[in-house]
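Here's the structure we're looking at; comments come further down.
The values are calculated or read from the model by the stated rules, or taken from the named source; none is laboratory data. Owing to the predicted nature of the structure, the values given are computational and were not obtained by experimental measurement. Glycine also receives a Cβ, built like all others from the backbone with ideal geometry; neighbour counts cover every protein chain displayed.
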Amino acid sequence: MSFNHFIKELNGNRVEGELLKSVFYSLLTSFAILALLYFFKFRFIENFTETYGLYLFLAALSYALLTPLMHQVHAYKQFSCMSGMMIGMTAGMIAGFLASFYVGATNGMFYGSVFGMIIGISLGIWMGSCCGVMGFLEGIMAGFMGGLMGGMTAIMLLNDHLQTMAIIVFLVGGAILVALNYMIYYEMKEAERQRQGQHLLIITITAALTLATTWLMIFGPRSALFS
């Protein structure tokens, strides 16, 4: 089973045929929210684009790449123990690290780490529970570690190509998430979907993540380095 088969299934009738729709709905939701907020509020903030633009843009892209994973796990519902542990670990780690890195770059390590842990642990638990308690635990541990590491990395690079690293971190995290989508397809290629797709759920989660990230970056508390 090659990766080319997975690419072909993105236009097929299986669960994977709906993944690009999930990405599209997520991006549309995030960009609509950011556009409205910018028009009514953020354009009046001095140096808004230079300070927050890149991180908000990458956050929107990151959340969009997480939605295919949510869609697959929701549709297949139950996974083997090893697959579920990998899903919980990857979802918790990548979601926690990326969210923590972006917020840490604008608000400081503590607030970025706490936010990243909340996002990483929440998504890690939800995704990892598809195989029971072991995936549940993997999700908690990965979200906890990823949340701390993302904020710490952002502060360590504060005066050393921070924005460049933000792009690199996004690209690596995105590649890992796409590889996980392929792994799920490979493991479940003979299985039937258990639940229908929930695009409304994807839109709701994306809106919540985008609003929370935006509010924290712009109006949330900051460490002494950013005050």
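Just wondering, is there one or more residues in the range 51-59 that are of a type outside the set (Ser, Thr, Tyr), surrounded by fewer than 18 Cβ atoms within 10 Å (Cβ to Cβ), out of contact with any Pro (no Cβ under 8 Å at 6 or more places or on another chain) and modelled with pLDDT under 90? There is no residue in the range 51-59 that is of a type outside the set (Ser, Thr, Tyr), surrounded by fewer than 18 Cβ atoms within 10 Å (Cβ to Cβ), out of contact with any Pro (no Cβ under 8 Å at 6 or more places or on another chain) and modelled with pLDDT under 90. Would you confirm whether any residue within the range 69-85 is surrounded by 15 or more Cβ atoms within 10 Å (Cβ to Cβ), at pLDDT 90 or above and of a type outside the set (A, V, I, L, M)? No, every residue in the range 69-85 fails to be surrounded by 15 or more Cβ atoms within 10 Å (Cβ to Cβ), at pLDDT 90 or above and of a type outside the set (A, V, I, L, M). Applying the criterion of at least 3 residues that are touching a helix residue (DSSP H, G or I) at 6+ places or on another chain (Cβ under 7 Å) and in contact (Cβ under 8 Å) with a residue 60 or more places away in the chain to the helices (runs of 4 or more DSSP H) found wholly in the range 77-182 leaves 81-107, 109-128.
The residues of the range 33-50 that are under 20 Å from ILE205 (Cα atoms), surrounded by 13 or more Cβ atoms within 10 Å (Cβ to Cβ) and over 18 Å from the mean Cα position of the chain (by Cα) amount to a single one, LEU37.
Within the range 190-212, residues that are in contact (Cβ under 8 Å) with a residue 24 or more places away in the chain reach partners that are loosely packed, with under 15 Cβ neighbours inside 10 Å and among the charged types (D, E, K, R) with beta carbons closer than 6 Å, at six or more positions or on different chains, in the pairs GLN194/LYS77; ARG195/LYS77.
Considering the conditions (1) at positive phi; (2) at pLDDT 95 or above, HIS161 is excluded by exactly one of them, (2).
Looking at GLY147, GLY124, just one residue is within 15 Å of the chain's Cα centre (by Cα), more than 22 Å from PRO221 (Cα to Cα) and modelled with pLDDT of 90 or more, and that residue is GLY124. With respect to the conditions (1) closer than 29 Å to ASN159 by Cα; (2) of a type outside the set (S, T, N, Q); (3) at pLDDT below 95, PHE39 falls short on a single one, namely (1). Taken as a whole, the condition of being closer than 28 Å to LEU158 by Cβ and over 17 Å from the mean Cα position of the chain (by Cα) applies to PHE110.
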